[in-house]
Amino acid sequence: MLGDLSVNRIGLGAMRLTGSGAFDLGEPGDRDVAVKVLRRAVELGVNHIDTGSFYFSRLRSANELINTALSPYPEDLVIVTKVGPGRDPSGEWYTATPDQLRGQVEENLRQLGRDHLDVVNLRRMSQDSISEDFGALADLRDAGLIRHLGVSSVRAKHLAEAQAIAPVVCVQNQFSLDVRRNSELLRSCGEQGIAFVPFYAIAGEGRDEGVRANGGESAHVRDIAEAHGVSPAQVRLAWTLQQGRHVLAIPGTGNPVHLEENVAAGALHLTADDMDLLQATGS
């Protein structure tokens with residue numbers, strides 16, 4: 001659940017739809033393939049897509065691709081976007097001020113062709129406090145431009161700051177089999193009924209390169225994958241989901257085959273012995 005919005009536990013991250021450059025202009029991906037991935041995702045039951053207006057490469061915008069592929073949107077489709085970081089048309093990065101956040105929200109609305117956004121995550125950059133930024137988004141929520149709010153790349157103190165201003169429906173932080181530094185926050189979200197939505201659940205420390213974690217895997221992951229007849233990436237996703245019922249997954253891909261594998265991972269159940277072995281993997 002994302003507030004009062006019901007979503008399936010395997011979603012789709014839109015970052016990889018635009019091409020080779022996740023955070024730079026890169027090489028544009030095949031437009032028809034990206035549209036095919038989005039439409040196939042919905043056919044497979046994906047009703048949670050994570051995106052952002054700063055997901056673009058040369059000639060490709062994730063939001064525009066989503067709009068083209070899926071509008072008019074299915075009634076149960078939840079689109080989650082994020083603000084805070086931004087990129088100008090040349091691809092140069094900036095961190096939005098509280099006054100600039102409304103422009104970022106409106107940019108997402110325009111690109112997606114929506115009159116409101118289902119969920120907006122405030123992505124913390126380096127600021128020590130997020131109160132002023134989150135307060136600006138709470139005002140936009142009150143104005144009807146946003147339905148629910150979340151936070152991203154935060155620590156427990158930032159979550160508490162946000163909750164003192166408005167309800168928080170999700171926390172989106174890095175977490176994977178290899179990178180578990182947010183384990184305590186994950187548990188805290190479960191206790192509070194807040195969805196925890198990890199990013200880089202498959203890529204782990206290979207995050208920015210978009211490496212699909214198959215080569216170079218630990219022996220435990222490879223052995224468990226072989227025993228179940230699945231890929232190491234599917235084992236990683238299943239492990240992530242088994243951290244708690246409040247944990248969702250948003251693996252990003254622009255590859256139709258990987259999409260099918262990712263969605264299938266939602267039905268993979270790792271045994272207690274599997275989980276014990278994997279507990280010894282990572283950091």
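The values are calculated or read from the model by the stated rules, or taken from the named source; none is laboratory data. Here the structure is a predicted model, which means the values were calculated and not measured. Every residue, glycine as well, gets a Cβ built from its backbone with ideal geometry; the counts of neighbours run over all protein chains shown. Only protein heavy atoms, including side chains, enter the accessible area calculation; ligands, DNA and RNA are left aside. Shrake-Rupley method; radii C 1.70, N 1.55, O 1.52, S 1.80 Å.
I'd like the residue in the stretch 225-250 that is touching a Phe, Trp or Tyr at 6+ places or on another chain (Cβ under 9 Å) and not polar (S, T, N, Q) and, out of all such residues, is farthest from Ile79 (Cα to Cα).
So the residue we want is Gly244.
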Which numbered condition Gly254 fails, given (1) without any contact (Cβ under 8 Å) to a residue 12 or more places away in the chain; (2) closer than 25 Å to Cys170 by Cα; (3) touching a helix residue (DSSP H, G or I) at 6+ places or on another chain (Cβ under 8 Å): (1)
Tabulated pairs, the stretch 53-82, first under 16 Å from Glu107 (Cα atoms), second of a type in the set (Phe, Trp, Tyr), C-beta under 7 angstrom, 6+ apart or interchain: Ala62/Tyr55; Ala62/Phe56
Selection count where residues are open to solvent by 30 Å² or more (accessible area, probe 1.4 Å), modelled with pLDDT under 95 and of a type in the set (Val, Ile, Thr), scope the stretch 267-281: 0
Cross-chain or 6+ apart pairs with Cβ under 9 Å, the stretch 16-31 first and within 18 Å of Ile202 (Cα to Cα) and open to solvent by 80 Å² or more (accessible area, probe 1.4 Å), then modelled with pLDDT of 85 or more and hydroxyl-bearing (Ser, Thr, Tyr): Ser20/Ser57
Close pairs from the stretch 216-228: first over 16 Å from Glu261 (Cα atoms), partner not in a helix (DSSP H, G or I), Cβ under 6 Å, at least 6 apart: Ser218/Thr281; His220/Thr281
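Looking at Thr97, is it more than 20 Å from Val151 (Cα to Cα), touching a helix residue (DSSP H, G or I) at 6+ places or on another chain (Cβ under 9 Å), surrounded by fewer than 18 Cβ atoms within 10 Å (Cβ to Cβ) and of a type in the set (S, T, N, Q)?
When the stated conditions are applied, Thr97 does not pass them.
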